[in-house]
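Quick one: the structure is below, questions incoming.
The values are calculated or read from the model by the stated rules, or taken from the named source; none is laboratory data. Predicted model only: the values in this text are computed from it and were never measured. Glycine also receives a Cβ, built like all others from the backbone with ideal geometry; neighbour counts cover every protein chain displayed.
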Amino acid sequence: MRKETKDQLRSVRNVRVQQTNRQVSIITIIKTRKKMIERTLSIIKPDATMRNLTGAINSIIESAGFRIIAQKRVKLTIEQGQKFYEVHKDRPFYDDLCRFLSSAPVIVQVLEKENAILDYRELMGSTNPINAAEGTIRHRFAVSIDQNSVHGSDAIETAANEIKFFFSEIEIVG
Ligand code: ADP
Ligand code: MG
């Protein structure tokens, strides 16, 4: 074989190897991402606990593949509600929101699953139940934007802080 042809073949082979390597690393990223087990904080809010919906909501949560690895029923004081929702303190609905959260018992729980944080947001549905997709918890059970049955953390850092707000490590059993 001529030397030029050999060189051409070698360079084609090199490009193929590079492409394969790139593909392998993309697949590794996807696989790694899929395996990221996350924890998120869920609250079954007063409008739902008062209508005896705890079991129905937990059934939806478990059917969707989440493991409830910590759970307790608590009645928050208004101060605890204010602290939990501090991020919203400048919003016009803050006082009503904190009053509502502390108006009756809530179920606080830690959910675990691959991609738990975003997946639970999806399972909850939009904040305003008018916009919540069919099959979501809020579409099925929420009364209104302020009585929307469930809370779920919105990011990794928020989830870690919200879980710490309610649970110590020994209460979380994975
Ligand atoms: P989400 O609970 O979907 O994460 P937000 O974090 O934006 O929504 O708001 C926290 C809670 O405050 C909502 O679940 C809802 O109960 C209440 N809320 C949000 N926006 C309004 C609003 N415009 N009017 C009344 N209540 C609201
Ligand atoms: Mg939120």
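Restricting attention to the range 152-163, report how many residues are over 16 Å from LYS45 (Cβ atoms) and in a loop (DSSP other than H, G, I, E, B).
Total meeting the criteria: 1.
Among the residues of the range 103-117 satisfying the criterion of being in contact with a Ser or Thr (Cβ under 9 Å, 6 or more places away or on another chain) and surrounded by fewer than 18 Cβ atoms within 10 Å (Cβ to Cβ), which is nearest to GLY65 (Cα to Cα)?
GLU112
Follow-up. Hey, can you tell me all the residues within the range 26-56 that are surrounded by 10 or more Cβ atoms within 10 Å (Cβ to Cβ), of a type in the set (S, T, N, Q) and at pLDDT 65 or above?
Matches in the range 26-56: THR40, SER42, THR49, THR54.
Going by the conditions given, is ALA159 among the small types (Gly, Ala, Ser), surrounded by fewer than 17 Cβ atoms within 10 Å (Cβ to Cβ) and within 25 Å of ILE69 (Cβ to Cβ)?
For ALA159, the condition - among the small types (Gly, Ala, Ser), surrounded by fewer than 17 Cβ atoms within 10 Å (Cβ to Cβ) and within 25 Å of ILE69 (Cβ to Cβ) - is not met.
Looking only at residues in the range 61-113 that are among the hydroxyl-bearing types (Ser, Thr, Tyr) and within 14 Å of ligand 1 (Cβ to nearest atom), which one is nearest to LEU41 (Cα to Cα)?
Among those that are among the hydroxyl-bearing types (Ser, Thr, Tyr) and within 14 Å of ligand 1 (Cβ to nearest atom), it is TYR85.
For ASN128, state whether it is out of contact with any helix residue (DSSP H, G or I) (no Cβ under 6 Å at 6 or more places or on another chain) and within 23 Å of ASN52 (Cα to Cα). Explain how you work it out, then say what you get.
Numbers: out of contact with any helix residue (DSSP H, G or I) (no Cβ under 6 Å at 6 or more places or on another chain): yes; within 23 Å of ASN52 (Cα to Cα): yes.
In short, yes.
Collect the residues in the range 46-93 that are of a type in the set (Phe, Trp, Tyr) and in contact with a strand residue (DSSP E or B) (Cβ under 8 Å, 6 or more places away or on another chain), keeping them in residue-number order.
Hit for the range 46-93 is PHE66, nothing else.
I'm trying to understand the selection: among the residues of the range 138-158, which are in contact with a Leu (Cβ under 6 Å, 6 or more places away or on another chain) and either within 14 Å of ligand 2 (Cβ to nearest atom) or on the phi > 0 side of the Ramachandran plot (or both)?
Hit for the range 138-158 is SER153, nothing else.
For the range 126-151, which positions are touching a residue at least 40 places away in the same chain (Cβ under 8 Å), more than 10 Å from ligand 1 (Cβ to nearest atom) and either in a strand (DSSP E or B) or surrounded by fewer than 16 Cβ atoms within 10 Å (Cβ to Cβ) (or both)?
VAL143
Then there is this: Which ones in the range 157-174 are among the hydrophobic types (A, V, I, L, M, F, W, C) and away from ligand 1 (no atom under 15 Å from the Cβ)? Explain how you work it out, then say what you get.
From the range 157-174, those among the hydrophobic types (A, V, I, L, M, F, W, C) are 159-160, 163, 165-167, 170, 172-173; that's our starting set.
Across the range 157-174, the qualifying residues are ALA160, ILE163, PHE166, PHE167, ILE170, ILE172, VAL173.
Continuing with the same structure: VAL110 - would you say it is within 30 Å of ILE37 (Cβ to Cβ) and part of a strand (DSSP E or B)? Lay out the reasoning, then the answer.
Values: within 30 Å of ILE37 (Cβ to Cβ): yes; part of a strand (DSSP E or B): yes.
So VAL110 fits the description; yes.
Being within 15 Å of ligand 1 (Cβ to nearest atom) and under 17 Å from the mean Cα position of the chain (by Cα): is that true of ILE117 here?
yes
Scan the range 77-111 residue by residue and report those that are away from ligand 2 (no atom under 16 Å from the Cβ), touching a Leu at 6+ places or on another chain (Cβ under 8 Å) and without any contact (Cβ under 8 Å) to a residue 60 or more places away in the chain.
Of everything in the range 77-111, just one residue is away from ligand 2 (no atom under 16 Å from the Cβ), touching a Leu at 6+ places or on another chain (Cβ under 8 Å) and without any contact (Cβ under 8 Å) to a residue 60 or more places away in the chain, namely SER102.
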